[in-house]
Each structure stands twice: as C-alpha cells, then as structure tokens.
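The values are calculated or read from the model by the stated rules, or taken from the named source; none is laboratory data. For clarity, every value in this text was computed on a predicted model and none was experimentally measured. Cβ coordinates were reconstructed from backbone atoms using ideal geometry, including for glycine residues, and neighbour counts include every protein chain displayed. Accessible surface is based on the protein model in full, side chains and every heavy atom, while ligands, DNA and RNA are left aside. Shrake-Rupley method; radii C 1.70, N 1.55, O 1.52, S 1.80 Å.
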Amino acid sequence: MLNIALPKGRLGEKVYAMFERAGFACPAIREENRRLYFENEALDLRYFWVKPSDVAIYVERGAADIGVAGKDILLEYRPDVYELLDLGVGRCRMCVAAPEGFTDDMTRTLRVATKFSNIASAYYTSLGRDIDVIPLNGSIELAPILGLSDVIVDIVETGTTLRENHLAVMETIVPISARLIANKASFVFRKTRIDELVRAVSREVQT
Ligand code: PRP
C-alpha cells in the first residue's frame, strides 16, 4: 500500500480534494467520523490524518511514503525527505512583526518570540543581528504586547490576527505553501507509483 500522511484540518481537506481529483480517491475519508486512517484497497492506498507539524516525521521515518507539509515546517525542522511539488495551497508568509510604530534599537539584543526558532535564528544571523529567541508554542502575538519580546517571527495569512492585536509586519522572511514530500527510500522503491501521483496531482495545482 502507498501510505499518505495528510495534515489534519482545513488544509488537509483541500489537499485531499486535489488528490481525489487526480484519481487517488478514498471515499471512506469523507464519512463523518473520528477515524484517523482510511484505505482504498482497489487503489492500494492508505491515507491518514496527522498533526500538521508531525507529517514530516512520519515521512522521514518511513511510516508514510509521502505526505503534505508546510514549507514552514520543512525550513524549521529540516527533515531528511525529498520535496517533490509545491501544491500552491496553504499560502502564507513567514514574517517579522512588531507593535505599530516599533523601531529597532540596534545597540540592544533584540528579543524575538516565535514557534520557529531555527528560521528566526537563521534570518537574524544572515543580517548579523544579535537576538534572544523566546520559544513559544502559540498565541505568539501576545509576547510583544506584554513586553515578553520586542518582535515576533510568525506566520501571517490574512493579517487579521496582527491587525486585531495592533501589530504590523516589519519584514517578510519567506513565502510559505504546502509541499508534497516523500520518504527517500520510498522514492526509490515506489518510484513508478510516486511519479504517477506527482504527475497527476501537479495537474491539479492552481498557479
Ligand atoms: C497562525 C499564526 C497566526 C495566525 C495568522 O496561527 O501563528 O497566529 O495563524 O493568520 P492570519 O494572518 O490569517 O490572522 P494558527 O492558526 O496556526 O494557530 P497557533 O499559532 O495558535 O498554533
């Protein structure tokens, strides 16, 4: 069976619809229930829902042959997988944001709150700017409001969260979207099937 890890949630549902249109359907997945894996024996396929940030782990370790992960996760954790295709969905950007009117005092270490410590460190290293990373797991926007940090590095999609918390984008670090990734061994041993899937799904990508 070809094992496919999908990110649980709205993005995963959008991606599954692309796979379905591409000829890799698994009707059971559309039934309302709390199951986490679904098989289509006729097509020799198994899908499973995992937490978005875990997809790359399943794929890297071979529990999934392929999967869909955000570029943010790939940049942050650098899993040892092949990135095969930009699916063009889940588009957003990794940004530096700060309270409106903020100016950086270059004589002081900049305090940066983020879920993406590696991306933030690499970005500021490239600028030669000293930072103190404050790792958080969510509600990052609160950090500068409460004085826990000066700025944040986080994902911005519509910009609503920033606006409603009186923060503004200072810099865009990198654009983000969902990527199709493959386990390196699967890519060799299941090359024909994976190639076929990549070709079919790539026709569903909206540019
Ligand atoms: C992300 C991000 C922002 C928000 C941005 O959070 O961390 O908080 O989305 O979206 P917007 O620009 O459309 O407002 P997510 O929903 O992934 O939740 P979390 O950070 O609490 O995990």
Scoring the chain by relative contact order with C-alpha pairs under 8 Å, at least six apart, yields a percentage of 28
Taking a crude spin-label model, label points 7 Å out from Cα along the C-beta direction, the Leu75 to Leu148 distance in nm is 2.2
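Which of Lys14/Lys51; Lys8/Lys71; Lys14/Lys191; Lys14/Lys115 have a Cα-Cα distance over 19 Å? Write down the numbers at each step before the final one.
On the way: Lys14/Lys51 15 Å; Lys8/Lys71 16 Å; Lys14/Lys191 25 Å; Lys14/Lys115 24 Å.
Those over the limit are Lys14/Lys191; Lys14/Lys115.
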Averaged per residue, the 1.4 Å probe accessible area of the chain, protein heavy atoms only, in Å², is roughly 54
Between the alpha carbon centres of the range 138-198 and the range 46-87 the gap in Å comes to 13
Computed over the chain: longest principal axis from alpha-carbon atoms vs helix 10-21 long axis, angle to nearest 10 degrees, is 30
Here the relative contact order (percent) of the range 76-150, from C-alpha pairs under 8 Å and at least 6 apart, is 33
Other residues with Cβ under 14 Å from the Cβ of Thr109 give, with Lys and Arg +1 and Asp and Glu -1, a net charge of -2
For the range 62-207, the percent of accessible surface on carbon and sulfur atoms (probe 1.4 angstrom, ligands and nucleic acids excluded) is 50
As a percent rounded to 5, the proportion of antiparallel DSSP bridges among beta bridges in the chain is 60
Rounded to one decimal in nm, the spacing of the 7 Å Cα→Cβ label points at Thr172 and Glu32 is 3.9
With all protein chains present, the range 1-53 has a carbon and sulfur share of its accessible area (1.4 Å probe) in percent of 49
Full extension between Asp54 and Thr103 adds, at 0.36 nm per residue less the Cα distance, a length in nm of 14.0 nm
